[in-house]
Amino acid sequence: MTERPLLPATTRRLFLAGTAALLIVRPAGATPETMAAAIRQVTGGKPVTPGRVKLSIPPLVENGNAVAVTISADSPMTENDHVTGIHLFTEKNPQPNVIGIRLGARAGKAEVATRIRLADTQQVVAVCEMSDGTFWSDKADVILTLSACLEDPV
Amino acid sequence: MATSARTLINVPPKAKRGDVILIRSLISHVMENGFRIDNTGKPIPRNIITAMVCTYNGVEIFNATLHPAISANPFLTFYTVATESGTIAFKWTGDNGFEAKASAQITVE
Amino acid sequence: MTSLSGSRFAVLGSVLLGLAIFAIAAARAEIALEQRRSSYEHMSRDTKAMQDDDLTNPAMLSVLDGEALWNAKAGASGKSCADCHGDAKASMTGLAARYPAYDDVTGRPVNIEQRINLSRERDQKAAPFRYESAELLALTAYTALQSRGQPIAPPEDGRLAPFREKGKALFEQRIGQLNLSCAQCHDDNWGKSLAGNTIPQAHPTGYPIYRLEWQSVGSLQRRLRNCMTGVRAEPYAFGALEYVELELFLMWRARGMTMESPGVRP
């Protein structure tokens, strides 16, 4: 007696392909387009001019889990002329937003530092909002390397 | 072990009026980004700090919205003008009702 | 066929002998004492800065927890570490720099983690902490901090000798699918690049470390397990004597170098 498979061959192949896709579980990562969309959400579509912001991030990083970032904006920080917001975005992380900061003239100096995660070699963009409603940006490219001898074999 | 998250903050104890002072903060938190899967293939749910707000005698001087891309044990520094003596207070909030607080005194001459 | 074969053999023979001598000499390249460097030296400027400042070093959060645990009453004894050992800054100074040490009762060397658990069981009548638990790491970090800046000083204890020799043998033994020994990377090829990172000399000057890869503090044992996984070897079980023997040898190999605990590493 010949065994007949429960599922015809083509359906089986589709089922297996579907299962394999589930196992990989790769979230849709950010792309330059989604990063641009995230930036637009902050700027409301207003133009963003390169300049007046400096994004300091090491160009080559030993481990993407804790990358030191400093964002500083050129502003007198007076009541009439100060930074109101600082935002950071990435191009290839699972999602584009990193941090959004609200400041005022009381800051005295528009400089913030933190440590971020980078999923891959990519571009990072800082956007700054001024009290006059204008937006300014800076970008930096970061190359990622991976530590040697990890817990789970890569 | 701390019942709430362990924090390390640095506020200069003394400053002159008008000085621009550096404030630094570090808090222990896993910042589980929500994109990882465990070794059985199950997604690990997101568990992050989503905000840190700092006040100076009750007035907000710094407000940050954090996303999963902030590293574990979030480290944040910023500046503020030393206006008067008093309390600089930090409050962190996040997923699953997370809340942590810290504060430091500053004497301004 | 000419009669050149005789002289050709002689040339071949001397070349092979030369290669053999070179191979033996190259394989036994223990690092000269004055050439030893902590892996701190290979880190980027930002990672070094993270370690250098107690306010930016994430391991210090664990140290604060350790300080709290040191002062907390534990077990059926109702005693804290402080009740017997007083202020850790005084009683624990230099301890991490001369561990692992010999334990009379079990007749073998123990590292700091094991000593903490032995004290918990024997003196505090409390359950031991799990390896790599936040509590054990915190107490280890707090203890190790009290040796920061001091030179590594392995104790002159003859009873440790056979275990240290075993540790040396483990360090030189090829293991895993990649069939590599610790010595082949860390003695023979330190300073060179492996997959974009610099191979360190592998001195345990900063343990327990905050490893950026782990995003948490971890012990030397955890790091050694990563090495074994790295060469596709089955890591020994947690708490295995092999880890202590290796640690004993590594601390001897790093004798005189400065303790940095708790360190930050990529």
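Computed from the coordinates by the stated procedures, all read-outs in this text should not be read as laboratory data. The structure presented is a predicted model; accordingly, all values stated were derived computationally and were not measured. Cβ placement follows ideal geometry from the backbone for every residue including glycine, while neighbour counts extend to all protein chains displayed.
Along the axis of the charge dipole computed for chain C (Cβ charges of +1 for Lys and Arg, -1 for Asp and Glu, origin at the Cα centre), the listed residues C:S219, C:A195, C:L33 are led at the positive end by C:A195. The stretch C:89-148 and the stretch C:233-247 have Cα centres separated by 17 Å. Relative contact order for chain B: 33 percent, from Cα pairs under 8 Å spaced at least 6 residues apart, divided by residue count. Projecting the Cα atoms of C:G176, C:T205, C:G256 onto the charge dipole of chain C, computed from C-beta unit charges around the Cα centre, puts C:G176 farthest toward the positive end. If R0 is taken as 35 Å, the Cβ-Cβ distance between B:E84 and B:N47 corresponds to a FRET efficiency of 0.40. Note on chain C: with charges restricted to the Cβ of Lys and Arg (+1) and Asp and Glu (-1), its dipole about the Cα centre is near 540 debye. Each principal axis of the Cα atoms in chain C has its own extent, and those three values, largest first, are 92, 44, 32 angstrom.
Look at the alpha carbon pairs under 8 Å that are at least 6 residues apart: their mean separation over the length of the stretch A:28-144 gives a relative contact order of 35 percent. Taking θ as phi - 60° and the Karplus parameters 6.51, -1.76 and 1.60, the scalar couplings of the stretch B:7-17 work out to 10, 9, 10, 10, 10, x, x, 9, 7, 8, 4 Hz in sequence order, x denoting glycine and proline. Per-residue ellipticity at 222 nm computed for chain C from its helices equals -13000 deg cm²/dmol, with DSSP H segments shorter than 4 residues left out and the rest contributing -39,500 (n - 2.57). This ranking places C:E113, C:E260 by how few other beta-carbon atoms lie within 10 Å of each, fewest first, which gives C:E260, C:E113. Quotient of the Cα radius of gyration of the protein assembly as shown and 2.2 N^0.38 Å, N being its number of residues: 1.16. Alpha-carbon geometry of the stretch C:180-266: the Rg and the Dmax are 12.7, 33 Å, given in that order. Per-residue extension of 0.36 nm, minus the Cα-Cα distance of C:L55 and C:E121, leaves a gain of 20.4 nm for this segment. Longer than 32 Å from Cα to Cα, which of A:K46/C:K48; C:K48/C:K166; B:K16/C:K89; A:K92/B:K91 are they? Say none if no pair is. Going by Cα-Cα distance, A:K46/C:K48; C:K48/C:K166; B:K16/C:K89 fall outside the 32 Å limit. Placing unit charges on the Cβ atoms of the charged side chains and taking the dipole of the protein assembly as shown about its Cα centre, the candidate lying farthest along the positive direction among A:N97, A:L150, C:L136 is A:L150.
Converting phi to 3J(HN,Hα) with the Karplus coefficients 6.51, -1.76 and 1.60 and the offset θ = phi - 60°, the stretch C:154-160 yields x, x, 7, 10, x, 5, 7 Hz in sequence order, with x at every glycine or proline. By the Stokes-Einstein formula, at 1.002 mPa s and 20 °C, the stretch A:42-154 with its Kirkwood radius over alpha-carbon pairs has D equal to 144 µm²/s.
The order of B:M31, C:M228, going from fewest to most other C-beta atoms within 10 Å of their C-beta, is C:M228, B:M31. Semi-axis lengths, largest first, of the ellipsoid equivalent to the stretch A:111-154 are 33, 11, 7 Å, with √(5λ) applied to each eigenvalue of the Cα gyration tensor. Label-to-label distance, B:V59 versus C:L178, with points set 7 angstrom from Cα along the beta-carbon direction: 5.8 nm. Shown is the FRET efficiency for A:D152 and B:R17, computed with R0 = 41 Å from the Cβ-Cβ distance and rounded to the nearest 0.05: 0.15. For chain B, the percent of C-alpha pairs falling in each 5 Å distance bin, counted from 0 to the bin holding the largest distance, reads 2, 11, 22, 20, 15, 12, 8, 5, 3, 2, 1, 0.
Against the longest principal axis of chain C, how steep is helix C:161-172, in degrees 0 to 90 to the nearest 10, with axes from Cα atoms? With rounding to tens, the tilt is 50 degrees. When +1 charges are put on Lys and Arg Cβ atoms and -1 charges on Asp and Glu Cβ atoms, the dipole computed for the stretch B:1-62 relative to its Cα centre reaches about 180 debye. Distance between Cα centroids, the stretch A:95-154 to the stretch A:42-77: provide it in whole Å. What the calculation gives is 6 Å, centre to centre.
Using C-alpha pairs below 8 Å separated by at least 6 residues, the relative contact order for chain C is 25 percent.
Taken about its Cα centre, the stretch A:28-144 carries a charge dipole of roughly 180 debye when the Cβ of each Lys and Arg holds +1 and the Cβ of each Asp and Glu holds -1.
Computed 3J(HN,Hα) for the stretch C:223-233, one whole-Hz value per residue from the Karplus formula 6.51 cos²θ - 1.76 cosθ + 1.60 where θ = phi - 60°, is 5, 5, 5, 4, 4, 5, 4, x, 9, 6, 10, glycine and proline marked x.
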